[in-house]
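What follows is one structure encoded as structure tokens, with my remarks underneath.
The values are calculated or read from the model by the stated rules, or taken from the named source; none is laboratory data. Since the model is a prediction, treat every value here as computed from it, not as a measurement. For neighbour counting, all protein chains shown are included, and Cβ atoms are generated from backbone atoms with ideal geometry for every residue, glycine included. Ligands, DNA and RNA are excluded from the accessible area calculation, which covers all protein heavy atoms including side chains. Shrake-Rupley method; radii C 1.70, N 1.55, O 1.52, S 1.80 Å.
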Amino acid sequence: MFWVYILESIKTKKYYIGCTNNYQRRILEHNAGKVPSTRWLRPLRIALVHEYPSLSKARKIEHRLKQLKRKDYIKKIVEDGYIRMDP
């Protein structure tokens, strides 16, 4: 299984979107500073996680979420608690 996750910076309130096969390990990597793109956002918390049956579906959703760009769209998805996009 694969997961699309949205992280929120506790410090800056910015969001980061990614996908992985192990989101628990991945959040630890983000918070340990092992991911250059989120190092300056630490500490991070998991705002939302969704499971997908294949890497290709997870990557498609990740890509579509990243295309939204606007923080208010991502915030609405997090508040609703689910992602309403078809892979």
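Just a few scattered comments:
- For segment 1-41, a tally of residues being assigned to a helix (DSSP H, G or I) and open to solvent by 50 Å² or more (accessible area, probe 1.4 Å) returns 10.
- Selection from segment 37-84 of residues that are closer than 17 Å to residue 24 by Cα and of a type in the set (Ser, Thr, Tyr): 38, 52
- For first residues located in segment 66-87 and under 16 Å from residue 12 (Cβ atoms) and of a type in the set (Lys, Arg), partners that are open to solvent by less than 70 Å² (accessible area, probe 1.4 Å) and not in a loop (DSSP other than H, G, I, E, B) and lie 6+ apart or on another chain with Cβ distances below 7 Å form the pairs 71/15.
- Among the residues making up segment 21-67, those that are in contact with a helix residue (DSSP H, G or I) (Cβ under 7 Å, 6 or more places away or on another chain), more than 15 Å from residue 83 (Cβ to Cβ) and of a type in the set (Val, Ile, Thr) are 35, 38.
- Filtering 45, 59 for residues that are open to solvent by 70 Å² or more (accessible area, probe 1.4 Å) and either modelled with pLDDT under 95 or assigned to a strand (DSSP E or B) (or both) leaves a single hit, 45.
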